[in-house]
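The structure appears below as structure tokens.
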Amino acid sequence: MLSKSHIKLITSLKQKKYRLQHGFFVVEGVKTIKELLQSKLILHALYTTESFNIDAKDEILITEAELKRISFLTTPNKALAIFKIPEVKPIEQNALVLALDAVRDPGNLGTIIRLCDWFGIKDLVCSKETVDCFNPKVIQATMGSITRVNISYIDLELFLKETKVPVYGAFMDGETVYNMDLPDEGILVMGNEANGVSKEIEALIKKKVSIPRFGDLQATESLNVATATAILLSEFRRG
């Protein structure tokens, strides 16, 4: 049975301030939960309609009606888990680091976290204006990759001022990425969906990178930030 305290805690975790207050975040779906159970993340509680055969004290069997009551999804997927938010590790700058300047869409951030996992980017640094990586919609979009990327929320301007590695940024008017010699170490900055990289951050970027348009009409205004990130990371990795 679900208690009122269980329901109150779970529903509160939809909001960032309560995730920070309690130090927990919600994960839904059997596949993603199983992947997180195999990681170093600490499980707080698992509410499920089918047993996962884990430690009984962590698993609470509930009905489909109860799951629907606590789920953040339109169509719940058999289980909901609460995990402890992990401690952030120090940022390693002797590699390629991805930085996000006020990326606001949860789906975009979730996809970018998956891209970091795919391309072996260990550190993702986010401005404090970037959407919370433990937002339920972000977690859903990462499909488990959240466990393999170190995500830091920092003063991005200060971080770029203090770094000793080259700083690249994605711009419409930058040099085409296909003509550039790209390093193994550096920081790549991706900007906000609507406004791109902010003026404050732009002033700290040494090399502007762009993805050229090949369409005959040149009518497309811009690429989705996650799509652009995929192309640029691919080029950085191609060397």
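Please turn the phi angles of the stretch 205-214 into ³J(HN,Hα) values with the Karplus equation 6.51 cos²θ - 1.76 cosθ + 1.60 (θ = phi - 60°), one per residue in order, whole Hz, x for glycine and proline.
8, 7, 9, 8, 10, 9, 10, x, 8, 10
Considering the Cα trace of the chain, what is its radius of gyration and what is Dmax, both in angstroms?
When restricted to the Cα atoms of the chain, Rg and Dmax are 19.8, 62 Å.
Tell me what the chain gives for mean residue ellipticity at 222 nm when only DSSP H runs of n ≥ 4 count, each as -39,500 (n - 2.57), the sum divided by the residue total, rounded to 500 deg cm²/dmol.
Working: 9 runs with 76 residues, N = 239.
Helix contribution divided over all residues of the chain: -8500 deg cm²/dmol.
Order of 115-128, 68-81 by packing, highest average Cβ count within 10 Å first? Kindly include the intermediate steps, with their values, before the conclusion.
Numbers: 115-128: 18.9, 68-81: 16.9.
Top to bottom by mean Cβ count within 10 Å: 115-128, 68-81.
Rolling a 1.4 Å sphere over the protein heavy atoms, what is the accessible area per residue of the chain, to the nearest Å²? Don't skip to the answer; put the middle values down first.
Values: 13120 Å² over 239 residues.
Per residue, the chain has 55 Å² of solvent-accessible surface.
Choose one of L100, V138, F214: the residue whose Cα lies farthest towards the positive end of the charge dipole of the stretch 93-239 (beta-carbon charges +1 Lys, Arg; -1 Asp, Glu; about the Cα centre).
Final value for the positive-end residue is V138.
Mind putting a number on the dipole of the chain about its Cα centre? Charges go on the C-beta only, +1 for Lys and Arg and -1 for Asp and Glu, and I need it in Debye to the nearest 20. If you can, show how the numbers build up before the last one.
Values: 30 positive and 30 negative charges, 160 e Å.
Around 760 debye, computed over the chain.
Pull out a ≥ b ≥ c, the square roots of the eigenvalues of the alpha-carbon gyration tensor of the stretch 98-239, then state rounded if a/c is under 1.5, prolate if not and a/b is larger than b/c, and oblate in the remaining case.
Working: a/c = 1.41, a/b = 1.21, b/c = 1.17.
Since a/c stays below 1.5, the shape of the stretch 98-239 is classed as rounded.
Would you work out what percent of the accessible area of the stretch 93-214, with all protein chains in place, is carbon or sulfur (probe 1.4 Å)?
Roughly 49 percent of what the probe reaches on the stretch 93-214 is carbon or sulfur.
Counting Lys and Arg as +1 and Asp and Glu as -1, each charge on the Cβ, what is the dipole of the stretch 132-174 about the Cα centre in debye, to the nearest 20?
220
Could you tell me the center-to-center distance, by alpha carbons, between the stretch 1-77 and the stretch 95-138 in angstrom?
The stretch 1-77 and the stretch 95-138 have Cα centres separated by 23 Å.
Under 1.5 on a/c is rounded, so check that first for the stretch 160-239, then, if it is not, pick prolate when a/b is larger than b/c and oblate when it is not; a ≥ b ≥ c are the square roots of the alpha carbon gyration tensor eigenvalues.
oblate
If you put +1 on each Lys and Arg Cβ and -1 on each Asp and Glu Cβ, how big is the dipole of the stretch 58-121 around its Cα centre, in Debye rounded to 20? Don't skip to the answer; put the middle values down first.
Values: 7 positive and 9 negative charges, 32 e Å.
Value, rounded to 20: 160 debye.
Put a dot 7 Å past each Cα toward the Cβ at T163 and L61; how far apart are the dots in nm?
Label at L61, label at T163, 5.1 nm between them.
Among A194, V177, L124, whose Cα sits farthest toward the positive end of the charge dipole of the stretch 123-239 (+1 at Cβ of Lys/Arg, -1 at Cβ of Asp/Glu, about the Cα centre)?
L124
Given points 7 Å out from each Cα along the Cα-Cβ axis, report the K68 to S12 separation in nanometres with one decimal.
With each label placed 7 Å out from Cα toward Cβ, I get 2.7 nm.
Of S5, T48, L37, which is farthest along the charge dipole of the chain in the positive direction, counting Lys and Arg as +1 and Asp and Glu as -1 at C-beta?
Farthest towards the positive pole: S5.
At what distance in nm do the modelled label points of I231 and M143 sit from each other, each positioned 7 Å from its Cα along Cα→Cβ?
Roughly 2.2 nm, to one decimal.
Aspartates and glutamates within cross-link reach of K164: Cα-Cα under 13 Å, excluding same-chain residues under 8 positions apart?
Those aspartates and glutamates meeting the cut-off are E92, E185.
The values are calculated or read from the model by the stated rules, or taken from the named source; none is laboratory data. This structure is a prediction, so every number in the text was calculated from the model and none was measured. In this analysis, Cβ positions are derived from the backbone assuming ideal geometry, glycine residues included, and neighbour counts consider all displayed protein chains. The area values use the complete protein model at the heavy-atom level, side chains included, leaving out ligands, DNA and RNA. Shrake-Rupley method; radii C 1.70, N 1.55, O 1.52, S 1.80 Å.
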